[in-house]
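Have a look at the structure below, then the notes.
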Amino acid sequence: MIVPVRCFTCGAVIGHLWEEFARRVKAGENPSQVLDDLGVTRYCCRRMLLSHVEIIDKLLLYERYSQERGPG
């Protein structure tokens with residue numbers, strides 16, 4: 001899934017923070033500290049970034065199965 005542009009609860013714009021957040025957490029930083037550094041203070045916005053799953057990376061591992069149908 002693509003990270004939402006806005007927080008579902010308060011409507012704050014958070015989409016631009018995802019790349020920085022993901023990069024720093026992947027590098028081993030504490031997610032709480034990264035969110036504090038990025039200025040994300042509302043718990044609803046923090047939830048949006050903490051709970052996001054990049055499902056598209058998992059979906060790309062599979063090929064689409066196509067089955068040709070016979071007559072009738």
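Before moving on, here are some points about what is shown:
- Dipole size of the chain about its Cα centre, with +1 on Lys/Arg Cβ and -1 on Asp/Glu Cβ: approximately 220 debye, rounded to the nearest 20.
- Label assignment, Rg and Dmax of the Cα atoms in Å derived from the structure, set (1) 14.0, 41; (2) 17.7, 62; (3) 24.2, 79: (2)
- Cβ crowding within 10 Å ranks Asp37, Asp57 as Asp57, Asp37, fewest other Cβ atoms first.
- Projecting the Cα atoms of Ile55, Tyr43, Gln33 onto the dipole axis of the chain, where Lys and Arg carry +1 and Asp and Glu carry -1 at the beta carbon, places Tyr43 farthest toward the positive end.
- A straight chain from Ile56 to Arg6 at 0.36 nm per residue would run longer than the Cα-Cα distance by 16.1 nm.
- Fully extending the segment from Glu19 to Thr41 would add 6.1 nm, taking 0.36 nm per residue of separation and subtracting the current Cα-Cα distance.
- Phi angles of the range 36-42 translate, via the Karplus equation with coefficients 6.51, -1.76, 1.60 and θ = phi - 60°, into HN-Hα couplings of 4, 5, 7, x, 8, 9, 6 Hz per residue; Gly and Pro are given as x.
Values in this text are rule-based calculations from the coordinates and carry no lab data. All values derive from a computational prediction rather than experimental measurement. Quick reminder, even Gly has a Cβ in these numbers, built from the backbone with ideal geometry, and neighbours come from all protein chains shown.
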